[in-house]
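Notes follow the structure.
The values are calculated or read from the model by the stated rules, or taken from the named source; none is laboratory data. Everything numeric in this text was worked out from a predicted model, so none of it was measured. Cβ: placed from backbone, ideal geometry, glycine included. Neighbour counts: every protein chain shown. The area values use the complete protein model at the heavy-atom level, side chains included, leaving out ligands, DNA and RNA. Shrake-Rupley method; radii C 1.70, N 1.55, O 1.52, S 1.80 Å.
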Amino acid sequence: MAKNLLIVESPAKSKTLKRFLGKGFEVEATVGHIIDLPKSKLGVDPENGFKIDYELIKGKGGVIKKLKAAAKKADTIYLAPDPDREGEAIAWHVAEQLKSSKNIVRVTFNEITKKAVKEALENTRKIDINLVNAQQARRVLDRLVGYKVSPFLWKTVTYGLSAGRVQSVALRIICEREAKIEAFVIDEYWKVSTLLEDKSKAQFISRLAKIDGKNPEIINEEESSQIVAELKEQKFIVDKVKHSEKQRRPYAPFITSSIQQEAARALYFTPKKTMMVAQKLYEGVELGDEGPVGLITYMRTDSIRLAESAISDARDYIKENFGASYMPAKPVRYKAKKGSQDAHEAIRPTYIDYPPEKIKKYLTKDQLRLYTLIWNRFLASQMSPAVYDTTSIEIAAGKYQLNSSAQSLKFEGFLKVYQETKENGGNGNGENDNGENGLVDSIPDLQEGDALKLIEVNPTQHFTKPPARFSQASLVKTLEAEGIGRPSTYAAIISTLTDRKYIEIQERRLHPTDLGKTISEILVKSFPTLFNIKFTAEMENELDLIEDGKEDWVDVLRQFYTPFSKTLDGLEGKQQAIKDSLTKEAGENCEKCGSPMVIKWGRNGQFMACSAYPDCKNTKPVGEPEEAMKTDEICEKCSSPMVVKVGRFGKFLACSAYPECKTTKPISTGVKCPKDDCKGDVVEKRSKKGKSFYGCSKYPKCDFVSWYKPINQKCPECNNNYMFDKISKAKGAYLACPVCKHKIYTEKEDE
């Protein structure tokens, strides 16, 4: 009989642990939280010391019963939920439910390996009530904001909307970036470069860098033409030559925020998907006869610290597989960022003898891609720097100064294993950029005082660009820099804003919807302190102080709630005025009853509604006149014209005789189903999770399906009737034939 009970969060983790704990242990899982605030009411009493009315989560009764039964048979109960605030709270709730007089202890491990778990079992501790209180404080803060502010939105905009303490600040950041983009004024500017030749007839590019010692500001073609004319009259003399060796140090191993950013850039994973895949790698993957193996350390961390044993293993691997020159003389250690928590290691592989290639057959495609990223980043973090030979020259031409720089890779070092992906699809390895920033392919062997011959002068017109919209990676980076949320919350922030339809993701960029902009504007005006970036960051620091035992969680909540409550009281009675200010005349009359149409807000954004409601319930989308909505399609049931309408999943065709006829159908892509003997059309559909895909209109009779959008264009190679619309990280948008794989690149992707 097992004399020890180990309680974890995940059933998948329990399988991995059972592999090496032996018969003396029984392992059970809580399957996440077992206790939480009630869904139907506030569940917090601000007037009574913020007393929390916890209740058992629906469906967890069986879990508790099973845990209690197992606890009765055990001498020692080890509480081993995840090593963070949430995990500590789960351990506390389990202990409260068991109420056992037996020995109940807390254990944490950063990786699910035999060594780490054995050490954890030998170093047990009591439940850290400071961690628990930090989790409780965060949960109560979020509940107070959600349950107090959301009803305000129901009364001012429309029912069903919601606000979040951290998510709404992230929305504000996205909306403020959008406002800058909309207000941006494009300015023209010019750059001037030259093609020069030395005495050996070697040619190279040099860029205009100074005029009379100042940075050039060339605002129009007239100014550039004058500079071009003057340059043609100058003598070009090499003024300075500098040769140097430049080292590029490797990147630190991944933490939660950096892996979310890199996975978004390199793999196009959402932060949510990154964390889901990483969770599986952490909890354990079946490796054939070896059974389930935890492949990475805990993925919720903001520490770049590495265990000495892991560093030693990495150095041995580097020396054996790449050579001594790739291993630094001393282990590489990274300086922690200010305010980072050092409780856990960085994210790294748990076993150095499981390189990606060795275990790829056991991993899913996504698991392999993320594991490879983690493996390479970790190994590279302990490798020697890359070394470049650099040459820079300054060229004097009267009052003009021109610069050229070139660099060549002398020793690849860590770049042999890992190169971070840049937002524009580049690999960040320092390759030349054809003179755009003065960096050219090569510079001939020049000496100071050498005379150069001008071959040509090239003026180029440019225009300033507005700030880029956030990608998921750049938003995570901004949230981290501003101290908004914590690494473990970034994924939920973005998915929540998307689910609420406050933002849309288009071409991997975050666009605030009209609804999102309106919500953000109302919240910022009505709660200027609450949804302030600095205030939110300060609240995160307060939670950290609670965790460290330096602040009382009830005092922190009281300091927050007192001014927050006064703000709410001050808004009482103003909701209708705000709601009325959002309702505008549409400028047209109802086609059914003749009353004026007005623009209102619903959960999916703005729509036009008859002002005679509820007597007339006519509605239609904003900005789409009836003429533009008509199509050539005829309803199969009543022969009325079909029109385009907009629903929660986008546009669709609906019978114009609605509500008498309620026929609807998806909009065709214009491509006929490629299946033999099928007369259906390929139409856009939505999965249960809201992701677009394309399938046959004759489903379920026809099972054709594709994640890629088919385009009504014949392949020039094999004459197939359609091609897929795709995007390549390196080369941008292109069309691909599903039959012969022929590709047609349409435009370079520019992020």
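Brief remarks on what is shown
- Condition met for residue 504 (touching a Pro at 6+ places or on another chain (Cβ under 9 Å), open to solvent by 60 Å² or more (accessible area, probe 1.4 Å) and closer than 23 Å to residue 170 by Cα): yes
- A residue that is among the β-branched types (Val, Ile, Thr) and closer than 28 Å to residue 558 by Cβ occurs nowhere in the range 92-106.
- Pair list, Cβ under 7 Å, 6 or more apart: the range 532-554 residue in contact (Cβ under 8 Å) with a residue 60 or more places away in the chain and of a type in the set (Ser, Thr, Tyr), other residue open to solvent by 50 Å² or more (accessible area, probe 1.4 Å) and not in a loop (DSSP other than H, G, I, E, B): none
- Meets criteria (assigned to a loop (DSSP other than H, G, I, E, B), surrounded by fewer than 19 Cβ atoms within 10 Å (Cβ to Cβ) and among the basic types (Lys, Arg)) for residue 58: yes
- Hits in the range 382-435 - residues which are of a type in the set (D, E, K, R), in a loop (DSSP other than H, G, I, E, B) and modelled with pLDDT of 95 or more: 399, 412
- Cβ-Cβ under 7 Å pairs, at least 6 apart or on other chains, the range 590-604 side in contact (Cβ under 8 Å) with a residue 60 or more places away in the chain and closer than 21 Å to residue 516 by Cβ, far side assigned to a strand (DSSP E or B) and among the aliphatic types (A, V, I, L, M): 600/609
- Residues in the range 118-163 that are over 26 Å from residue 40 (Cβ atoms), of a type in the set (S, T, N, Q) and touching a residue at least 24 places away in the same chain (Cβ under 8 Å): 124, 130.
- Among the residues making up the range 291-321, those that are touching a residue at least 40 places away in the same chain (Cβ under 8 Å) and open to solvent by 60 Å² or more (accessible area, probe 1.4 Å) are 300, 305.
- Filtered residues of the range 472-490 (kept if within 28 Å of residue 606 (Cα to Cα) and open to solvent by less than 10 Å² (accessible area, probe 1.4 Å)): 475
- Residue in the range 12-23 that is basic (Lys, Arg), in contact (Cβ under 8 Å) with a residue 40 or more places away in the chain and open to solvent by 50 Å² or more (accessible area, probe 1.4 Å) present: yes
Results for (1) of a type in the set (Asp, Glu); (2) in a helix (DSSP H, G or I); (3) loosely packed, with under 11 Cβ neighbours inside 10 Å, shown as yes or no for each residue.
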residue	(1), (2), (3)
559	no, yes, no
565	no, yes, no
569	yes, yes, yes
578	no, yes, no
593	no, no, no
612	no, no, no
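- Every pair of residues 6+ apart whose Cβ atoms lie under 8 Å, when the first sits in the range 557-572 and is more than 17 Å from residue 138 (Cα to Cα) and touching a residue at least 24 places away in the same chain (Cβ under 8 Å) while the second is of a type in the set (Phe, Trp, Tyr) and surrounded by 13 or more Cβ atoms within 10 Å (Cβ to Cβ): 567/527; 568/152; 571/152
- When 76, 108 are screened for being in contact with a strand residue (DSSP E or B) (Cβ under 6 Å, 6 or more places away or on another chain) and over 29 Å from residue 151 (Cα atoms), only 76 passes.
- Strands (runs of 3 or more DSSP E) lying entirely in the range 649-705 (those with 2 or more residues that are within 19 Å of residue 506 (Cβ to Cβ)): 650-655, 681-686, 692-696
- Criterion (touching a strand residue (DSSP E or B) at 6+ places or on another chain (Cβ under 8 Å) and among the hydroxyl-bearing types (Ser, Thr, Tyr)) met by exactly one of 518, 496: 518
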